[in-house]
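Structure first, commentary second.
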Amino acid sequence: MKNMLWWRWWLVVAIIITLSLLLLIGALWVGMRRADSTLAVLEVDPFAAQLHLLDIDRPAMTQSAFRTILPCDVRWTHEGGLLAALLLPHISTTEHQIYRLDVFAGGLEAPPVPLTGQGDHRAPAVTPDGERFAYVSTDDKQSTIFLQSLNSASPQQIAELPFQVDRLDWSVEGAYLVMELVGGGASLLEVAGARVWPLRPEADSFAWAAHRSLLAYVAEEALYVYNPLTGEERLLVRTGVKGDVTWSPSGARLAYVQRGEVDQIMLVKIEGEGEALPQMFETPTFRDIEALRWSPDGRRLTFAARMQTVDAQDRFLPFDLYAAGVFTGETWLVQRGMGQRIGVESRFCPPAWKP
């Protein structure tokens, strides 16, 4: 009987030790797994636009190509390609088409693959399941929203609107599209019933949460979170919000840029109700910060920044691209702005992290 009890005791100890070792190995694997580092970003100056494909840990591997992309937006497909609205002068000098750039097969210099036909088409947005994309076909007075498979050229019209749409973004479950309007403001489109309703007229800097239908945006320097299922709008931060809102992948926090004598990156938790208390994320002192984005694994932030707005001759200085470790607090330079080489202001659009 004693031997049996000892045997059971040792079995329990062995199970506990084994589980502990498995947990330790899992934690070490997560810690050692290489952080997300690949992104695509568009840089613009008064004369040109340049698309960069870069690894923020290995900037020397950066690929660049001059592309005229509107709006200031590129999107990744689930297969590792890029979607963008390009203006190709040898095809049209006024109308944009949606193209796929197979960057890992042929680099940025590979010929773009057209996905749309005749007309002026913009603002591609890949559906959450990665199988289709929505885009805007526009003229001087109205916009038509289409939905199309990435593997076919048979678009399905989902809405016709009496205003011009500049940008689209899907909610996580694919039920809603937030539509940013030319000239400012935004509306929500419920895709299934083509129901449209406006958000705050002055709202901008929109960002959907990754795991639930919550939409964050800025209006009159205040930060709001809106639930389209209930219609409830929550004031999260009352003042000082410049913009560039981005969600953490877990959906527990938001990062944004706070306006001041020097700009600051702020983090705020959304748990609870009512207003929340933001915390400053430590970076070097930058006069201007913009184009803030959170990496898909939650370990890094990228942003464009400059130490000074103008030089001694009152010329606007270019922005540089930076990255920062969310848990380490380290900030490093990723890419110098191309405007420094020619003495003009250049800016980076919000980067698109490879999922």
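All of the numbers you see were taken from the coordinates with simple rules; none came from a lab. Please read all numbers here as calculations on a predicted model, not as lab measurements. Using ideal geometry, Cβ is built from the backbone for each residue, glycine included, and neighbour counts are taken over all protein chains shown.
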How are the alpha carbon pair distances in the range 152-297 distributed across 10 Å bins from zero to the largest one, expressed in percent? 11, 41, 33, 13, 3, 0
Give me the percent relative contact order of the range 191-349, please, defined on Cα pairs under 8 angstrom at least 6 residues apart. 13
Check each of the GluC sites (Glu not before Pro) in the range 148-228 and keep only those in coil by DSSP with at most 16 other C-beta atoms within 10 angstrom; list them in order. E173, E202, E220, E221
Arrange I145, I69 by Cβ neighbour counts within 10 Å, fewest through most, would you? I69, I145
What net charge do the residues around F104 carry, taking every other residue with its C-beta under 10 Å from that of F104, with Lys and Arg at +1 and Asp and Glu at -1? -1
Mind pulling the angle between the C-alpha long axis of helix 2-32 and the longest principal axis of the chain? Nearest 10 degrees, somewhere in 0 to 90. 20
Based on the Kirkwood radius over alpha-carbon pairs, what is the Stokes-Einstein translational diffusion coefficient of the range 270-355 at 4 °C with 1.567 mPa s viscosity, in µm²/s? 90
Could you give the Stokes-Einstein D for the range 167-225 in µm² per second, using the C-alpha Kirkwood radius, 25 °C, 0.890 mPa s? 212
Multiply the residue separation of V262 and T68 by 0.36 nm, subtract the distance between their alpha-carbon atoms, and state the gained length in nm to one decimal. 66.7 nm
Which value, in debye to the nearest 20, gives the size of the charge dipole of the chain about its Cα centre, when Lys and Arg are +1 and Asp and Glu are -1 at the Cβ? 1300
Report the label-to-label distance for V182 and E330 in nanometres (one decimal), using points 7 Å from each Cα along the Cα→Cβ vector. 4.6
Length gained when the stretch E109-R341 is fully extended (0.36 nm per residue, less Cα-Cα span): 81.3 nm
Extension gain, M307 back to S250 (0.36 nm per residue minus Cα-Cα distance, nm): 17.4 nm
